[in-house]
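The values are calculated or read from the model by the stated rules, or taken from the named source; none is laboratory data. This one's a predicted model, so the numbers in the text were calculated from it and none came from an experiment. Cβ placement follows ideal geometry from the backbone for every residue including glycine, while neighbour counts extend to all protein chains displayed.
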Amino acid sequence: MKTFRVKAVRETDSDLVWQILKTLERKGMIVFEEEKPNMRPKEATPATEEQVQEIIDEAELGPYYSEKEAKKILNL
């Protein structure tokens, strides 16, 4: 089973999206479940400087890029 979060791109389309989803639910193709706050994924914890260095080392970027450039490349 896959879980999706659905957002209507435009506010004007939200009623149409809701009608489609309710139709799929009536046909037994999807199930709506209430999302509980404690079931949401936890926010990511920033990496420590030691972890950042390990990631840069594992990516083998150190010999070719400065630490600042490596962090930018790796989105750290």
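Contact map, the stretch 9-33: residues that are free of Cβ contacts under 8 Å to residues at least 40 places away in the same chain paired with residues that are among the charged types (D, E, K, R) and in a helix (DSSP H, G or I), Cβ distance under 9 Å, separation 6+ or inter-chain. Pairs shown: Val31/Glu25; Phe32/Lys22; Phe32/Glu25. Please determine whether any residue of the stretch 45-53 is out of contact with any Ser or Thr (no Cβ under 6 Å at 6 or more places or on another chain), free of Cβ contacts under 8 Å to residues at least 24 places away in the same chain and hydrophobic (A, V, I, L, M, F, W, C). Scanning the stretch 45-53 turns up no residue that is out of contact with any Ser or Thr (no Cβ under 6 Å at 6 or more places or on another chain), free of Cβ contacts under 8 Å to residues at least 24 places away in the same chain and hydrophobic (A, V, I, L, M, F, W, C).
Can you spot a residue in the stretch 7-19 that is within 20 Å of the chain's Cα centre (by Cα), surrounded by 10 or more Cβ atoms within 10 Å (Cβ to Cβ) and either of a type in the set (Gly, Ala, Ser) or more than 30 Å from Leu76 (Cα to Cα) (or both)?
Residues of the stretch 7-19 within 20 Å of the chain's Cα centre (by Cα): 7-9.
Still in the list and also surrounded by 10 or more Cβ atoms within 10 Å (Cβ to Cβ): 8.
Filter again for either of a type in the set (Gly, Ala, Ser) or more than 30 Å from Leu76 (Cα to Cα) (or both), leaving 8.
Within the stretch 7-19, one or more residues are within 20 Å of the chain's Cα centre (by Cα), surrounded by 10 or more Cβ atoms within 10 Å (Cβ to Cβ) and either of a type in the set (Gly, Ala, Ser) or more than 30 Å from Leu76 (Cα to Cα) (or both).
Identify, please: which residue in the stretch 48-76 is in a loop (DSSP other than H, G, I, E, B), within 23 Å of the chain's Cα centre (by Cα) and not aliphatic (A, V, I, L, M) and is, among those, modelled with the lowest pLDDT? Walk me through it before giving the result.
Going through the stretch 48-76, the residues in a loop (DSSP other than H, G, I, E, B) turn out to be 48, 59-66, 74-76.
Keeping just the survivors that are within 23 Å of the chain's Cα centre (by Cα) gives 48, 59, 74-76.
Next, only the ones that are not aliphatic (A, V, I, L, M) stay: 48, 75.
Numbers: Thr48: 89, Asn75: 84.
Going through the qualifying residues, I end up with Asn75.
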